[in-house]
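Worksheet: the structure to be examined is printed underneath.
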Amino acid sequence: MKKFDQGFFYMKFIKKCISKSLDTSSVQIPDDLSELIELIAENTHNVWAEERLRQGWKLGLCRDEQLKTHPCLIPYEDLPEKEKIFDRRIVSEVIKLIQVAGFSIKRY
């Protein structure tokens, strides 16, 4: 039986992701969407935390898959700024992708 090379498969996955991701680097997010970015980042965090709690996870000092603990199982407003920046960045990339794909976001 061949030894499983996790590093090989990880690098193959990364290479595939990079080659398939759309270039959003030239997209500028309008300033009026900053409120939306924050709203989506907070909601996404809350949905993630609710799902983790339903799965039996609990607050812990560090992430531990076996003990099911995670330090970010707290309200969004209590997250360290570093975590909020991560969430906002993900949302920003989605908004850029929406624009690259030819869609727009409009407030009614």
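Tabulated values for the structure
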| quantity | calculated |
| --- | --- |
| Global form of region 23-70, assessed from the alpha-carbon gyration tensor, a/c cut-off 1.5 | prolate |
| Residues Val27, Val47, Val91, sorted so that the one with the fewest Cβ neighbours within 10 Å comes first | Val47, Val27, Val91 |
| Using θ = phi - 60° and Karplus 6.51 cos²θ - 1.76 cosθ + 1.60, couplings along region 48-55 (whole Hz; Gly, Pro as x) | 4, 5, 4, 5, 4, 4, 4, 7 |
| Sorted by Cβ neighbour density within 10 Å, fewest at the top, the residues Arg89, Arg107 | Arg107, Arg89 |
| Filter on Lys58/Lys84; Lys58/Lys82; Lys68/Lys96; Lys20/Lys106 - keep pairs with C-alpha separation over 26 Å | Lys68/Lys96; Lys20/Lys106 |
| Three-way shape call for region 26-100 based on the alpha-carbon gyration tensor, with the a/c threshold at 1.5 | prolate |
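All of the numbers you see were taken from the coordinates with simple rules; none came from a lab. On a predicted model such as this, the values are computed, not experimentally measured, just so you know. Virtual Cβ from ideal backbone geometry, glycine too; neighbours counted across all protein chains shown.
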